[in-house]
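Take a look at the structure below.
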């Protein structure tokens, strides 16, 4: 392999990251080679270790080193409630609120037919199997409030139509500390629609 081919291979590998185009990938490659070779080596080893040691929890589908993750194996969690999120980062955000003590299911994406993401790609078969084989009493749909996230929530709702399980959707509205004057009209309209009695 020639020098330019080695560099191009690195640039091509970096382009697989979201939001990294050809120019950004080239800048990152030069930075790692010129300014932070030790960091590049650590990054390389960490990625290799993660690919080798991390798999999916057989219950919630989150990343874990074990067959069952810490949340799913905890005796302190409410096994009657399951929160469905799109990505592991959404699960982490939910955990940081300290307001939810139930179980999870991570879809690892959302329905997006234009991108070739259908029910199989987001593991809906595993979700249905999990719900049927457990004592779930409430399903919390915590997908994002995007067109794809809403479509995913609606699809799951339709899939589980016959099941006698309470189904809820996380609320939308004004952010804590937000001022009405600066909120977009769609968010404000949703906050009015989903208002609660005091």
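Across segment 156-198, the number of residues qualifying as out of contact with any helix residue (DSSP H, G or I) (no Cβ under 8 Å at 6 or more places or on another chain) and either part of a helix (DSSP H, G or I) or in contact (Cβ under 8 Å) with a residue 60 or more places away in the chain (or both) comes to 12.
All conditions in (1) modelled with pLDDT of 95 or more; (2) surrounded by fewer than 16 Cβ atoms within 10 Å (Cβ to Cβ) hold for residue 115, with the sole exception of (1).
Conditions tested, residue by residue: (1) surrounded by 13 or more Cβ atoms within 10 Å (Cβ to Cβ); (2) modelled with pLDDT under 90.
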position: 124; (1), (2): yes, no
position: 129; (1), (2): no, no
position: 132; (1), (2): no, yes
position: 137; (1), (2): yes, no
position: 152; (1), (2): yes, no
position: 156; (1), (2): yes, no
position: 170; (1), (2): yes, yes
position: 180; (1), (2): no, yes
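Within the option set 17, 54, 26, being surrounded by 16 or more Cβ atoms within 10 Å (Cβ to Cβ) and either in contact with a strand residue (DSSP E or B) (Cβ under 6 Å, 6 or more places away or on another chain) or not assigned by TED's automatic domain parsing to the domain that holds residue 154 (or both) holds for one residue only, 26.
The values are calculated or read from the model by the stated rules, or taken from the named source; none is laboratory data. Just so we're clear, the structure is a prediction, and the values are computed from it rather than from any experiment. Cβ atoms come from the backbone with ideal geometry, glycine included; neighbour counts cover every protein chain shown.
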